[in-house]
Amino acid sequence: MTADTKTPDRDTFHASRAKRYDDTIRRVIPGYDALHSMTGVMLKDAVPADGRVLVVGAGTGAELLALGQAAPGWSFTACDPAAGMLAIAEDRIKGHPVAERCGLHPCLCADLPAEETAFDAATCLLVMHFLPDDGTKLTLLKSIAARMKPGAPLILADMHETPGSPRHQLIMDAWMHWQLGNGIDPVEVEKGRRHVERDVHFVPLSRLTDLLDEAGFTAPEHFFQAFLFGGFIAWRKTED
């Protein structure tokens, strides 16, 4: 999953980097596959059997496969500004039933074709924490809300915490120790930590709640946590 920004660099996640991402993310994020399967479970009773689901930041396709298996009647519109990542997703779902009911778009959510609206649900997993809280996070959430039916659920998963707080430091250190304990090279662990410190724009849960409210969603319900990674469900408000 990659950042949905106003001016995406489509070469940032070139094909080789995308493949490396797919290989390593499961070793870095505890419960990565569980998050995807839990997303399907959370949406199961809230989305019609023939529902249309918007997948923002489709990445390399793991999310599409998980959701496609969770509900064989759902159709998907998936977008990601990183063409290299989406190309891997296309190869990954080829031959699976979900490929016949999935449209892939190498673009931002806001740039989807005008007819791609009125979704019964949306997901945005591991995307928004890459966006600064300078209006860009809010813009993304608003672009998602504008394409959803009133009352439709959104699954959002991101790194969140109060930057620089004792809790943030405690959990960050524990996450690094977890990676080392799972055999990841110390050099790669340190590189990952620098990446998080440089590229992740943390906000506390209270700020995330405010952003969702301003974008037109209800307060989020927390259903997943793995160190700094949290998963939430919120609903498109029936009235703004």
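Within segment 37-63, the set of residues being farther than 14 Å from Leu126 by Cα and either β-branched (Val, Ile, Thr) or open to solvent by less than 10 Å² (accessible area, probe 1.4 Å) (or both) comprises Gly40, Val41, Leu43, Val47, Gly51, Val53, Leu54. Residue-level analysis places Ala66 among those that are within 20 Å of Leu156 (Cβ to Cβ) and free of Cβ contacts under 8 Å to residues at least 60 places away in the same chain. Taken together, the residues in segment 21-32 that are within 14 Å of the chain's Cα centre (by Cα) and either aromatic (Phe, Trp, Tyr) or under 14 Å from Gly68 (Cα atoms) (or both) amount to 1. Among the residues making up segment 85-124, those that are within 20 Å of Ala145 (Cα to Cα), part of a loop (DSSP other than H, G, I, E, B) and of a type outside the set (A, V, I, L, M) are Pro106, Cys107, Pro113, Glu115, Glu116, Thr117, Asp120. Taking residues in segment 205-226 that are at pLDDT 95 or above, and partners anywhere that are basic (Lys, Arg) and open to solvent by 60 Å² or more (accessible area, probe 1.4 Å), the pairs with Cβ atoms closer than 9 Å and at least 6 places apart or on different chains are Glu214/Lys142; Ala215/Lys142; Gly216/Lys142.
Taken over segment 185-201, the criterion of being part of a helix (DSSP H, G or I) and in contact with a strand residue (DSSP E or B) (Cβ under 9 Å, 6 or more places away or on another chain) is satisfied by Val196 alone.
Scanning segment 215-240 for residues that are in contact with a Lys or Arg (Cβ under 7 Å, 6 or more places away or on another chain) and not in a loop (DSSP other than H, G, I, E, B), we see that the one that is most open to solvent (accessible area, probe 1.4 Å) is Arg236. Of everything in segment 117-148 that is out of contact with any helix residue (DSSP H, G or I) (no Cβ under 9 Å at 6 or more places or on another chain) and surrounded by fewer than 16 Cβ atoms within 10 Å (Cβ to Cβ), the residue that is modelled with the lowest pLDDT is Thr117.
So that you can scan it fast, the table gives a plain yes or no per residue for (1) of a type in the set (Lys, Arg); (2) under 30 Å from Val53 (Cβ atoms); (3) open to solvent by 40 Å² or more (accessible area, probe 1.4 Å):
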residue: Leu180; (1), (2), (3): no, no, yes
residue: Pro186; (1), (2), (3): no, no, yes
residue: Arg207; (1), (2), (3): yes, yes, yes
residue: Asp213; (1), (2), (3): no, yes, yes
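The values are calculated or read from the model by the stated rules, or taken from the named source; none is laboratory data. Just so it is clear, the structure is predicted and the values come from calculations on it, not from any experiment. We place every Cβ from the backbone using ideal geometry, glycine too, and count neighbours over all the protein chains shown. Accessible surface is based on the protein model in full, side chains and every heavy atom, while ligands, DNA and RNA are left aside. Shrake-Rupley method; radii C 1.70, N 1.55, O 1.52, S 1.80 Å.
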